[in-house]
Amino acid sequence: MTNPNGRFGVHGGQYIPETLMNAVIELEAAYNEAKNDPSFRAELTALFNEYAGRPSRLYFARRMTEDLGGAKIYLKREDLNHTGAHKINNVLGQALLAKRMGKTRLIAETGAGQHGVATATAAALLGMACVVYMGVEDTIRQALNVYRMRLLGAEVIPVSTGTGTLKDAVSAAMREWTNRISDTHYCLGSVMGPHPFPTIVRDFQPVISQEIKAQVIEKEGRLPDAVLACVGGGSNAIGAFYHFIEDKSVRLIGCEAAGRGVDTFETAATIATGKLGIFHGMKSYFCQDEYGQIAPVYSISAGLDYPGIGPEHAWLHDTGRAEYVPVTDDEAVNAFEYLSRMEGIIPAIESAHAVAHAMKLAPTMGKDKIMVINISGRGDKDCAAIARYRGEDLHE
Amino acid sequence: MSNIARAFDHGKAFIAFITCGDPDLQTTAACVRAAVKGGADLIELGIPFSDPTAEGPVIQAANERALKGGVTTDKIFGLVEDLRRDVTVPMVFMTYANVVYSYGIERFCDRCVETGIDGMILPDVPFEEKEEFAPACRARGLDFVSLIAPTSEHRVAMIAREAEGFLYIVSSMGVTGVRSEITTDIGAMVKLVRANTSIPCAVGFGISTPAQAKKMADLSDGAIVGSAIVKLIAEHGADAAGPVGAYVKAMKDGIMGL
């Protein structure tokens, strides 16, 4: 029998050391109180609008639509948010909540650096201390974001254990949290980890689909036929999907990082290659070997280079409500370049995974169909890495 | 009475943790036998996990070395079978939820019984999630060992009332590893435990010297040492059995006040 607390079907739960149990119980109580407090909602909405620049635009990608010759393509411009990604939505919510709980210090993990930058930003804004754990491999891939976090007053700690990537940064942040709970909030960056994190992060991100719905109805007078988003842990995807889950006519498509391909070991496509397991506080699908050892996953995208997926996505997959498709490095890099040239928008390499699948899917849909791609972040941070992928000797 | 309780039959218990397969299984077997000879009353066998989130740097590194050396859950069951030809002290597994879950909880417990394991400690399975694992253990007479931490507070009574085998008291905040000083009020925690269960309790995390072990064992029913032993194995590699045996004897003597 499994504990029903924080479950999405069989997924989710609270698989964490006893040391952390009271911390997550306290967090859940504080969150339940905050979410029903109109002043908390008002303060968060004011920060969303005045500080983060919400609502973000829903942009009709005319040239891309004409070029692909199928569905009308809209881009949800989360890349235009302050700090350049959707991550700020969740971070502002959690930072306000932490402050309300009397915490004075935020710790976070980061992969691509976008969540770390967003956390460092919120910490600066609210006058809190901030420590960010980042895989040593990622500090090299995303050197500019390391500098950005330091500029914002955060301490960045490179993590060299394991594969030196996002999963190791999560482990390091969890270890640090067991060491120091009283003044510290762990600002988890995705819809993952132990309950209540998958729910809290989910509740701070649906502003994306709420806006998409209103904007697409205003422009087209109807709901879209498909919504696409990239998925690592899955926070931008859950944000983009959430308000469409009940609208069964809307296809929800999550694009996973396949790395060099799902038939190789160098992949991070969890739904395609993972199996049910327990890790980082949750039950969900994980890339792992036959003995449950977590696989050293790979993707060109530091933000999607994670061996698991959030429990609510695992459940949306089980129920068939959402589809999850693998996208390779090559396809994502092509899409990165394509969107830059076609629309003058440089997407994050993470978001480029969703663009890549859209490039395959749009031509198969009629011209009367509508597709929305969530451009979860901007790609400035990726330019040097993509240039190197293309064989140019460019370093920041 | 569970087999684990026998570890506490002859005074304060010394519990030794060893990561299986670090650097290889032959060394693990030799170290376990040396620890038993040195006076260990219970052996915790660590099944390595790729991402041990409750461990400090010393045991993390041991996990990495062991996995790199090719150890698997099945090979570790083979080790237990071999040890049980002569080792009679209780032995428990210490590992992570996914190692047991991916093997199949029932199948894992069956193998524990067949090979001679007496229980398991899963640091990432708290009270709230234990009913996923504990019933399969219970049905086979295995103990599912629970932990309490300095932050447990009002949870101690609830956890103690359902405790099996022995109760693992985590001495300090943070992860496993040697500490110069343990500042938690262990006495107060033990008092709460005693008020709610007759199961023995032992203190772990941060203990490395005979004086520390004696202090913790005096306050409870025993002391658990992991990182200090694993560190010896890291230093001495395949020749670790001698130093491990000598260390365990010094610790056990310390606890006994010899």
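Readers should treat all values here as calculations from the given coordinates under stated rules, not as data from a laboratory. Owing to the predicted nature of the structure, the values given are computational and were not obtained by experimental measurement. Positions of Cβ are backbone-derived with ideal geometry, glycine not excepted, and every protein chain shown enters the neighbour counts.
Sum -39500 (n - 2.57) across every DSSP H segment of at least 4 residues in chain A, then divide by the residue count to get the 222 nm mean residue ellipticity, nearest 500.
That calculation yields -12500 deg cm²/dmol at 222 nm.
For A:Glu33 and A:Asp289, what is the calculated FRET efficiency with R₀ set at 35 Å and r taken between the beta-carbons, to the nearest 0.05?
Once the sixth-power term is evaluated, E becomes 0.25.
Quick one: check the C-alpha center-to-center distance for the stretch B:1-43 versus the stretch B:229-258, whole angstrom.
Answer, in whole Å: 11.
Lys/Arg Cβ at +1, Asp/Glu Cβ at -1, dipole of the stretch A:183-281 taken about the Cα centre: which of A:Thr264, A:Thr199, A:Val227 is farthest positive-ward?
A:Thr264
What's the exposure ranking of B:Ile207, B:Ile159, A:Ile217, going from fewest to most Cβ atoms within 10 Å?
A:Ile217, B:Ile159, B:Ile207
What whole-number volume per residue, in cubic angstrom, does the convex hull of the C-alpha atoms of chain B give? Please report the intermediate quantities before stating the final value.
Details: hull volume 28.1 nm³, N = 258.
Per-residue hull volume (Cα only) is 109 Å³.
Quick one: dipole size for the stretch B:58-120, taken about the Cα centre, charges +1 on Lys/Arg Cβ and -1 on Asp/Glu Cβ, in debye to the nearest 20.
220
Could you list A:Phe279, A:Phe265, B:Phe17, B:Phe133 so that the one with the fewest beta carbons within 10 Å of its beta carbon is first and the one with the most is last?
A:Phe265, B:Phe133, B:Phe17, A:Phe279
Please work out whether the stretch A:14-96 counts as rounded, prolate or oblate from its C-alpha gyration tensor, where a ≥ b ≥ c are the square roots of the eigenvalues and a/c under 1.5 means rounded, while otherwise a/b larger than b/c means prolate and anything else oblate?
prolate
Beyond 28 Å between alpha-carbons counts as too far, so tell me which of A:Lys103/A:Lys167; B:Lys191/B:Lys214; A:Lys167/B:Lys68; A:Lys72/A:Lys167 fall in that bin.
The pairs that break the limit, which is 28 Å between Cα atoms, are A:Lys72/A:Lys167.
Modelling each spin label as a point 7 Å along the Cα-to-Cβ direction, I'd like the A:Val10/A:Glu323 distance in nm, to one decimal.
2.5
Given H placed 1.01 Å from N in the peptide plane, which residues other than close sequence neighbours of A:Val159 have an amide H under 5 Å from its amide H?
The answer is A:Met134, A:Gly135, A:Val136.
Please get the size of the charge dipole for the stretch A:96-143, origin at its Cα centre, with Cβ charges of +1 on Lys and Arg and -1 on Asp and Glu, quoted in debye to the nearest 20.
I would put it at about 340 debye.
Can you give the calculated 222 nm mean residue ellipticity of chain B, where each DSSP H run of n ≥ 4 adds -39,500 (n - 2.57) and the sum is split over every residue, rounded to the nearest 500 deg cm²/dmol?
Calculated mean residue ellipticity at 222 nm is -13000 deg cm²/dmol.
Using a Gaussian network model of chain A whose springs link C-alpha atoms within less than 10 Å, name the residue from A:Thr319, A:Thr273, A:Thr199 with the highest mean-square fluctuation.
A:Thr319
Please say if the stretch A:202-358 is rounded, prolate or oblate, where rounded means a/c under 1.5 for a ≥ b ≥ c the square roots of the C-alpha gyration tensor eigenvalues, and otherwise the choice is prolate for a/b larger than b/c and oblate otherwise?
Judged from the Cα gyration tensor, the stretch A:202-358 comes out oblate (a/c at least 1.5, b/c at or above a/b).
With a ≥ b ≥ c taken as the square roots of the eigenvalues of the C-alpha gyration tensor of the stretch A:294-396, please select rounded if a/c is under 1.5 and otherwise prolate if a/b is larger than b/c or oblate if it is not?
On the way: a/c = 2.30, a/b = 1.20, b/c = 1.92.
Since a/c reaches 1.5 but b/c is at least a/b, the shape of the stretch A:294-396 is classed as oblate.
Would you mind ranking A:Asp305, A:Asp183 by Cβ crowding within 10 Å, fewest neighbours first?
Fewest-to-most Cβ neighbours within 10 Å comes out as A:Asp183, A:Asp305.
Output wanted: per-residue J couplings in Hz (rounded whole) for the stretch B:151-163, from phi through Karplus 6.51 cos²θ - 1.76 cosθ + 1.60, θ = phi - 60°, x for Gly and Pro.
Taking θ as phi minus 60°, the curve returns 8, 5, 6, 5, 7, 4, 4, 4, 5, 4, 4, 9, 5 Hz for the stretch B:151-163.
For chain A, build the charge dipole from Cβ charges (+1 Lys, Arg; -1 Asp, Glu) around the Cα centre, then report which of A:Ala356, A:Ala71, A:Pro4 sits farthest towards its positive end.
Of the candidates, A:Ala71 comes out farthest on the positive side.
Hey, rough spin-label estimate for A:Tyr389 and B:Ala246, points 7 angstrom out along Cα→Cβ, what's it come to in nanometres?
For A:Tyr389 paired with B:Ala246, the spin-label model returns 5.6 nm.
Rounded to the nearest 20 Debye, what is the dipole magnitude of the stretch B:14-133 about its Cα centre when Lys and Arg each give +1 and Asp and Glu each give -1 at the C-beta?
520
Work out, in µm²/s and without decimals, the Stokes-Einstein translational diffusion coefficient of the protein assembly as shown at 25 °C, 0.890 mPa s, Rh from Kirkwood over C-alpha pairs.
The estimated diffusion coefficient comes to 96 µm²/s.
Suppose R0 equals 25 Å; then what is the FRET efficiency for A:Arg62 and A:Glu337 from their Cβ-Cβ distance, rounded to the nearest 0.05?
Working: r = 19 Å, r/R0 = 0.75.
The calculated FRET efficiency here is 0.85.
Which of the aspartates and glutamates could be linked to A:Lys219 by a straight reach, that is with a Cα gap under 16 Å, when you skip same-chain ones fewer than 8 residues away?
Of all the aspartates and glutamates, those that pass the test against A:Lys219 - Cα under 16 Å, at least 8 places apart if same chain - are A:Glu211, A:Asp368.
Given R₀ = 60 Å, FRET efficiency for B:Ala238-A:Ser249 by Cβ-Cβ distance, to 0.05?
My answer for the efficiency is 0.40.
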